[in-house]
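The values are calculated or read from the model by the stated rules, or taken from the named source; none is laboratory data. Keep in mind the model is a prediction, meaning the values are calculated, not measured. Reconstructed Cβ throughout: ideal geometry from the backbone, glycine too, with neighbour counts over all protein chains shown.
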Amino acid sequence: MNTTPQQNTQDRPARLTVGVVGAGRVGPALAAALQLAGHRPVAVSGVSEASVRRAAALLPDVPLVTPAQVLKAADLVLLTVPDDALPALVEGLAETGAIRPGQLLVHTSGRYGTKVLDPALRAGALPLALHPAMTFTGTSVDVQRLAGCSFGVTAPEELRLAAEALVIEMGGEPEWIAEESRPLYHAALALGANHLVTLVAQSMELLRTAGVEAPDRMLGPLLGAALDNALRSGDAALTGPVARGDAGTVAVHVSELRKHAPEALPGYIAMARMTADRALAHGLLKPELAEDLLVVLADGANGTHGTDGADGTDGANGTDGAPR
């Protein structure tokens, strides 16, 4: 009879006791993944009703206690609180003597490396920064999604192997990030992932306004192909009216957005300018076409009205501007 990974781990002794401070969407999932690898979650802290539910679902039978009690019970402690709350939490735990020498203290913030854990280091803890480059739902699905997920890893050099081993045990792929590069690393992820959600949600709203009944079904294949092409080919995957230099089509877009969704216009103009710059730099956009395009974008940003197209049509080539 086949056995699950968790059944297999029950037949061998746990190597580390694991605690979670901050039962948001990330902490319980990582603790559950460590449990599958043979470690033993023993304590979790959480305040909100949602945190309590997540802990109960992903870490059943693990007691809900205070942060200080979590540190008292666990060899490895996951600090999974919001970025802005992390420095004060670490300082408070150190000042109250909650941190034990030799204790592994792991935070999951993308913004910080291990310097934020200096108060814990002075108390004898072993600091690790392990940031999973993934969005979390707060459900058991997250544990499965950790398979193959990249983790931004920062640690003292003598703890690098231990940090990478923990990531591998959770099913992830460790990617070393230098301490001084953590803010840029995190900005890059936010630019790609967080802003992508905003762009997709905004696109769906505009499609509904245009009368599309199932914008998610319409966008799914298009965005899936665009993402795949971008990951494979980078800037060579650029398509659409900006990359082609269709100034007339872009002028129509600006006019329609000003009319139906003025809040979306600044974002459209900013992204169009960046797209034009990248297309120019990679030889995809002809300089003579870029000039008219940038004039249209400048007029749009200034609130002035240009013509709908250089030849009086809806697009420079008489097209409707659909991506191709």
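So, in region 226-259, of the ones that are assigned to a helix (DSSP H, G or I), in contact with an Asp or Glu (Cβ under 9 Å, 6 or more places away or on another chain) and of a type outside the set (A, V, I, L, M, F, W, C), which residue ends up surrounded by the fewest Cβ atoms within 10 Å (Cβ to Cβ)? Out of the qualifying residues, it is 255. Scanning region 85-138 for residues that are in contact with a strand residue (DSSP E or B) (Cβ under 7 Å, 6 or more places away or on another chain) and either modelled with pLDDT under 95 or of a type in the set (S, T, N, Q) (or both) returns 103, 108, 109, 114.
Can you find a residue that is in contact with a Pro (Cβ under 8 Å, 6 or more places away or on another chain), outside any helix (DSSP H, G or I) and surrounded by fewer than 19 Cβ atoms within 10 Å (Cβ to Cβ) anywhere in region 213-222? No, there is no match, as no residue in region 213-222 is in contact with a Pro (Cβ under 8 Å, 6 or more places away or on another chain), outside any helix (DSSP H, G or I) and surrounded by fewer than 19 Cβ atoms within 10 Å (Cβ to Cβ). Please enumerate the residues belonging to region 149-171 that are within 15 Å of the chain's Cα centre (by Cα) and assigned to a loop (DSSP other than H, G, I, E, B). Residue satisfying the conditions is 149 alone.
Against the definition (more than 30 Å from residue 292 (Cα to Cα), not assigned by TED's automatic domain parsing to the domain that holds residue 78 and not charged (D, E, K, R)), how does residue 189 come out, yes or no?
Yes; evaluated as a whole, the condition is true for this residue.
Screening region 41-105 for helices (runs of 4 or more DSSP H) wholly inside it with 1 or more residues that are touching a residue at least 60 places away in the same chain (Cβ under 8 Å) returns the ranges 49-58, 86-95. Kindly indicate the residue of region 192-213 that is touching a helix residue (DSSP H, G or I) at 6+ places or on another chain (Cβ under 9 Å) and among the small types (Gly, Ala, Ser) and also nearest to residue 284 (Cα to Cα) among those meeting that condition. Ranking the qualifying residues of region 192-213, first place goes to 203. Please determine whether any residue of region 180-196 is in contact with a Lys or Arg (Cβ under 9 Å, 6 or more places away or on another chain), buried (at least 16 other Cβ atoms within 10 Å of the Cβ), in contact (Cβ under 8 Å) with a residue 24 or more places away in the chain and in a strand (DSSP E or B). Checked against the condition, which is being in contact with a Lys or Arg (Cβ under 9 Å, 6 or more places away or on another chain), buried (at least 16 other Cβ atoms within 10 Å of the Cβ), in contact (Cβ under 8 Å) with a residue 24 or more places away in the chain and in a strand (DSSP E or B), region 180-196 yields no hits at all.
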